[in-house]
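Presented below is the structure to which this report refers.
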Amino acid sequence: MGVTVDVDVVVVGAGQAGLSAGYFLRRAGLDFVMLDHAPRAGGAWQFRWPSLTLGAAHNIHDLPGMPLEDRDPERPASEVVSEYFARYEREFELDVRRPVDVTAVRDAGGRLLVESSEGVFAARALINATGTWDRPFWPFKRGMGSFRGRHMHTVDYRGPEEFAGLRVLVVGGGASGTQALMEIAPLAAETTWVTRREPVWVEGAFDGHAAVARVEERVRQGLPPGSVVSATGLLLTEEVRAARERGVLDRRPMFERVVSEGVEWADGSRLGVDVILWATGFRAALDHLAPLRLRGPGGGIRMDGTRVADDPRIHLLGYGPSASTIGANRAGRAAVREIKSLLRAVVPEAVGA
């Protein structure tokens, strides 16, 4: 793969968490490189559907050191956040290399070898901020292959127009599913909403502290993190209230299996549909870390804050309790602080005061 480049830190991913880490790495005076596989600035936000306006999107927090000034609620969130992230990269001279695919990270003793489409980087520490957008989760249901209609995940959703006149089934109890459902309903011939659990509707602002604490305890034990957002409930906005009054958000329990013309419940009742939209969330995009064998018997990675408990060189941002945007900011600061201490202990001359 050519010449191996030595650096203090490699940051993989340039979304909210990666940019936050870059900001604190720059302030710490460390030698680092940022690699991002996306074609442009914006993290996962650049791929959100155009009809998702800033006003409808939740949890867009300021990056450290520079506030988001354009808060026009009518503009697409994908445009606003992408522009903001691009300004941020320029303002703090974060030289993000893109598009770069990281294929594997291997342990080479004192250093970590980060193999990528731009070459190999030998790092003293790694900040992994790859998020979840590249790992949409498709739950297994019997008969999925027999369906004559269209299976679709929210990762591919681009707006309601393509569902005009169709019978649409939305599966999933998260915010993305309800948002898509409310957009699709006026154009579709019929919509149905199914979830595994009864939805929890929340009045006022979210208070995610308890949910974050639960997720943090899970990753400390080495269990898969689950979703912080799923544990906070669904915000009961005026738009949501109106949709509930119209019957759009009348939830049905999860079906038993998929059949050729639609779905079937345990009691034998069936529903014919043209499209099944799986709003079933995402999993952490960590395949490139597989050579490090970080996963434990519980199926997750045992964490101590942002640090992998079994390897202090590796920090995971956007994993577990740092999955929210405000959590990502805090995680970036914490990870850099620990990495700075680690490098000072191992190679004193590598880190400034």
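When Lys and Arg each count +1 and Asp and Glu each count -1, what net charge do the other residues less than 11 Å away from residue 199, Cβ to Cβ, add up to? Spelling it out: positives minus negatives among the neighbours equals +2. Under Stokes-Einstein, with the Kirkwood radius over Cα pairs as Rh, the value for the range 102-196 at 4 °C and 1.567 mPa s is 77 µm²/s. Packing, as the average of other Cβ atoms within 10 Å across residues, places the peptides 237-250, 262-275 in the order 262-275, 237-250, highest first. Distant-in-sequence amide contacts of residue 120, defined by a placed amide H-H separation under 5 Å and a gap of 5 or more residues or a different chain, comprise 5. Rounded to the nearest whole Hz, the Karplus-based 3J(HN,Hα) values (6.51 cos²θ - 1.76 cosθ + 1.60, θ = phi - 60°) of the range 193-198 follow the sequence 10, 10, 9, 5, 10, 4, with x at glycine and proline. Quick check: net charge around residue 29, other residues with Cβ under 11 Å of its Cβ, Lys/Arg +1 and Asp/Glu -1? Net charge around residue 29: +1.
Other residues with beta-carbon under 13 Å from the beta-carbon of residue 183 carry, at +1 per Lys or Arg and -1 per Asp or Glu, a net charge of -1.
Couplings for the range 9-22, taken from phi via the Karplus curve 6.51 cos²θ - 1.76 cosθ + 1.60 with θ = phi - 60°, read 9, 10, 9, 9, x, 10, x, 4, 5, x, 5, 4, 4, x Hz in order; Gly and Pro are left as x. Using θ = phi - 60° in the Karplus curve 6.51 cos²θ - 1.76 cosθ + 1.60, the 3J(HN,Hα) couplings for the range 174-186 round to x, 5, 5, x, 5, 5, 5, 4, 5, 6, 6, 3, x Hz; x is entered for Gly and Pro. The fraction of all Cα pairs in the chain landing in successive 10 Å bins from 0 to the largest distance is 5, 23, 31, 24, 13, 4, 1, 0, given as whole percents.
With r as the distance between the Cβ atoms of residue 61 and residue 5 and R0 = 30 Å, compute the FRET efficiency 1/(1 + (r/R0)^6) and round to 0.05.
0.35
In this structure the amide hydrogen of residue 259, modeled in the peptide plane, comes within under 5 Å of the amide hydrogens of 264, none closer than 5 places in sequence on its chain.
Label positions at residue 91 and residue 138, each projected 7 Å from the Cα along the C-beta direction, are separated by 4.0 nm.
Please give the contour-minus-distance gain from residue 242 to residue 256: 0.36 nm per residue of separation, less the Cα-Cα distance, rounded to one decimal in nm.
2.1 nm
Please list, by residue number, every one of the GluC sites (Glu not before Pro) in the range 20-115 that is coil in DSSP and has at most 11 other beta-carbon atoms within 10 Å. Sites meeting the loop and neighbour criteria: 69, 74, 93.
Rounded to the nearest 20 debye, the dipole magnitude of the chain is 960 debye, with +1 charges on Lys and Arg beta carbons, -1 on Asp and Glu beta carbons, and the Cα centre as origin.
For residue 137, the residues whose amide H sits under 5 Å from its own are 281, 282, 283, ignoring neighbours fewer than 5 places away on the same chain, with H placed 1.01 Å from N.
Any chance you could run the full-extension gain for residue 164 through residue 104? It's 0.36 nm times the residue separation minus the Cα-Cα distance, nm to one decimal.
17.3 nm
Reported to the nearest whole Å, the Cα centre-to-centre distance from the range 63-79 to the range 234-273 is 33. Secondary structure note: in the chain, about 40% of the DSSP beta bridges are antiparallel.
Just so you know, all these numbers are worked out from the coordinates, no wet-lab data involved. These numbers come from a predicted model, not from an experiment. Backbone-built Cβ (ideal geometry, glycine too); neighbour counts: all protein chains shown.
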